Amino acid sequence: MDRKECGCPIIVDEEWEGKTFSWKDRTFFAQPVKFFFRAPIDVEEQVGRAGEAMEKRGYMLEEPLTVLIEEGQFAGRVLIGILPPETPDPHVVTMGDVSVVGTVVARKEPKLGVKTLKGFKERLELQGRKVKQMYVWHVTCPTCSRLEGFKSVVFAEIC
């Protein structure tokens, strides 16, 4: 995957839109996040805490850097892609045989609306796919978002 000078990945919509990806054996460092009716409250703070904890443990980030938001009604998680650690850790989540379908969302405002997530989920369910969990990967840094707008990839875990 190509990157911009700032480090943001270059997302070509056609490479992500409606495609199914296997996350089998992908490893993530999980940090709890508070939500209020599906709106994250302390994401930036928790990403910082996760970074400190990963550094203490000596975990290596997976390239490209993937920071997913696993949303929930009142609680969710930040999942940060790492290389598999050598020792078990309760904060590390290794995906089983998980398939996800992606869609790209470009917008002018920073907030990704609940309606957008619901719409994607409903489209998949109309195709006969059952959605287990939704994940959001915000791929634009503050500089890119000011210049180009906000871009995210939404993943739906299919069961």
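The values are calculated or read from the model by the stated rules, or taken from the named source; none is laboratory data. Computed from a prediction, not measured in an experiment: that's the story for all the values here. Note that we place each Cβ from the backbone using ideal geometry, even for glycine, and neighbour counts take in every protein chain shown.
Looking only at residues in region 15-46 that are assigned to a helix (DSSP H, G or I) and at pLDDT below 85, the one that is nearest to the chain's Cα centre (by Cα) is V43. Taking region 59-159 as the region of interest, the strands (runs of 3 or more DSSP E) fully inside it that hold 3 or more residues being in contact with a Lys or Arg (Cβ under 9 Å, 6 or more places away or on another chain) and under 21 Å from D2 (Cα atoms) are 99-107, 150-158.
Here is a yes/no grid of residues against (1) in contact (Cβ under 8 Å) with a residue 12 or more places away in the chain; (2) of a type in the set (A, V, I, L, M, F, W, C); (3) in contact with a strand residue (DSSP E or B) (Cβ under 8 Å, 6 or more places away or on another chain); (4) surrounded by 11 or more Cβ atoms within 10 Å (Cβ to Cβ):
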site: K4; (1), (2), (3), (4): yes, no, no, yes
site: A30; (1), (2), (3), (4): yes, yes, yes, yes
site: V47; (1), (2), (3), (4): yes, yes, yes, yes
site: A50; (1), (2), (3), (4): yes, yes, yes, yes
site: E55; (1), (2), (3), (4): no, no, no, no
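Annotation note: of D13, D97, the sole residue that is farther than 26 Å from T143 by Cβ and out of contact with any Pro (no Cβ under 9 Å at 6 or more places or on another chain) is D97.
So, in region 22-77, exactly how many residues are out of contact with any Phe, Trp or Tyr (no Cβ under 8 Å at 6 or more places or on another chain) and among the β-branched types (V, I, T)? Residues flagged as out of contact with any Phe, Trp or Tyr (no Cβ under 8 Å at 6 or more places or on another chain) and among the β-branched types (V, I, T) within region 22-77 amount to 4.
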